[in-house]
Amino acid sequence: MRTPMGRPGPRLITGLASLALLAGCSSADGSAATANSDESQSAAQELIDPYLGQPGEFPVTEPLDAPVPAGTRIAYVDNGNALVALMYQLMQPAAEELGIELYAVRAGTSASGVQSAFSTVVQQQPDAVINTAIDPVLWDNQREQLIDAGIPIVSLGTVADPDAGLVQPNGVAAFERQGRLQAAWLVAGHDESVDAVLYEHSEIAYAEAVQEGFESELAELCPDCTVRVVQIPIAEVGNKAPERIVSDLQSHPETDAVVFQSSAVATGLPAKLKVAGMDDIEIVGANPLPTNLQYLKDGQSTVELGADLNTLAWTAVDTAARLVNGQDLQENVADGEALVHQFLRPEDVTFDPAHGFAGYPDVADRFRELWNR
């Protein structure tokens, strides 16, 4: 198993790395590792630099044209998933600031429960609807009914087709960017080709977009790099997933780096890796939970690509308000790119991991200015 020869940063090309390269370092399965060109590493570094030490650009810069009409009501469908429930709580301060009534319609996790909840929303005729991560396929009939009624729908974390009539501030483009940035991180930090594994959950709709971004960018920057894509059932997150990952890595000792679609699957993994003698493997996570941030702070993982969910929550309410007002959306919001990313290394976790990652702690003040509040 080859260990990382550096982490993006500024670029780290040490004397030891040069000696290893000259010696023709080879992988555990006997295949020779190919040197990455300076051009490839420079291109990769250029991709990740805007997300090192600071968050990506703030997603909304254009003012709200007019106050939201008094009595505006926005329905939020909550299926009880921890992330979905969290996003509802994060949206409440934004709604209160605008004088909007944001209310939850409870749904179970079953298809019938989701359909029932959205049918209730159709009957209630709110001014707008916000959905988080609930696959539109499950409520397709209700989606059409809402659109026919002229009710705008903001959908977070989904990858519906552009003609579905949904506004998806963090859609396919944002998830493909996640994959591209994770691939660029690996190339920028390695002087030689990498054998990576991408662990993903096919049950989550955006998995395909992350995979596409990762594979295409890795092939572009490092044609000799390889990636295996391994499915981890979502039901195993928080229980059996670490054992499955360790078993997979033991069966593929040539693996240099572990990449996660979502770092939630890594809960409990560092301890298992240590017992297996593999705690030196590079871990490139994404969308970290507080537990993952603590692992990072403790040096038990390499890097996390953080997503600023609080800013996304305010962006969702802002988007709904603009749709209610009939105001045009910014291009990045309409195109699904309004998600703030930042690479978090151990030294970047200067905040309390229990509070999660916030790229823009002043998000409320920024939106108040845009809203003339």
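Read-outs throughout are calculated quantities, based only on the coordinates presented, and are distinct from any laboratory measurement. Quick caveat, the model's predicted, so the values are computed rather than measured. Here the Cβ positions follow ideal geometry from the backbone for every residue, glycine too, while neighbour counts run over all protein chains shown.
Computed values, structure above
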quantity: Choice from Ile153, Ile204, Ile234 with maximal GNM fluctuation in the chain (Cα, 10 Å cutoff); calculated: Ile234
quantity: In range of the label at Asp362: residues from region 304-319 whose backbone nitrogen is under 18 Å from the point 7 Å along Cα→Cβ; calculated: 310-312, 314-315
quantity: Gyration tensor (alpha-carbon) shape descriptor, the chain, a/c threshold 1.5; calculated: prolate
quantity: Full-stretch length increase - Asp280, Asp140 - with 0.36 nm per residue and alpha-carbon distance subtracted; calculated: 45.8 nm
quantity: Gained length - Gln123 relative to Asp65, 0.36 nm times residue gap less alpha-carbon distance; calculated: 17.9 nm
quantity: Cut-off 14 Å between beta-carbons: net charge of the residues surrounding Glu203, Lys and Arg +1, Asp and Glu -1; calculated: -4
quantity: Net +/- balance of residues flanking Ile153 in space, Cβ distance below 13 Å, scoring K and R +1, D and E -1; calculated: -3
quantity: Globularity ratio of region 291-373, using Cα Rg and 2.2 N^0.38 Å; calculated: 1.31
quantity: Inter-site label distance for Glu331 and Thr109 at 7 Å from Cα along Cβ, in nm; calculated: 4.1
quantity: Chain lengthening between Ala354 and Glu243 when straightened (0.36 nm per residue, less Cα-Cα); calculated: 37.4 nm
quantity: Point-charge dipole on Cβ atoms (K/R +1, D/E -1) for the chain, about Cα centre, debye to 20; calculated: 1020
quantity: Region 224-373, dipole about Cα centre (Lys/Arg Cβ +1, Asp/Glu Cβ -1), debye to the nearest 20; calculated: 500
quantity: MRE, 222 nm, helices only [DSSP H, n ≥ 4, -39500 (n - 2.57), over the chain, to nearest 500]; calculated: -12000 deg cm²/dmol
quantity: Gyration tensor verdict on region 230-373 (Cα atoms; rounded if a/c is under 1.5, prolate if a/b is larger than b/c, oblate otherwise); calculated: prolate
quantity: Whole-number percent relative contact order across region 225-302, with pairs defined as alpha carbons under 8 Å at least 6 apart; calculated: 30
quantity: Residues with amide H under 5 Å from that of Val284, placed H, sequence gap 5 or more; calculated: Val258, Val259, Phe260
quantity: Under 18 Å from the His252 label point (7 Å along Cα→beta-carbon), backbone N, region 220-246; calculated: 220, 222-234, 241-246
quantity: Estimated distance in nm for a label pair at Glu96 and Ala219, the labels positioned 7 Å out from Cα along Cα-to-Cβ; calculated: 5.0
quantity: Three-way shape label, region 204-289, alpha-carbon gyration tensor, a/c 1.5; calculated: oblate
quantity: Cβ crowding within 10 Å averaged over residues, with 288-299, 258-269 ranked highest first; calculated: 258-269, 288-299
quantity: Relative contact order computed over the chain (Cα-Cα under 8 Å; 6+ residues apart), in percent; calculated: 22
quantity: Top of His190, His201, His355 by mean-square fluctuation, Gaussian network on the chain, Cα under 10 Å; calculated: His355
quantity: Contact order normalised by residue count of region 269-373, Cα under 8 Å, 6+ apart, percent; calculated: 33
quantity: Farthest toward positive dipole pole in region 77-182 [+1 Lys/Arg, -1 Asp/Glu at C-beta], among Ser116, Asn79, Gly99; calculated: Asn79
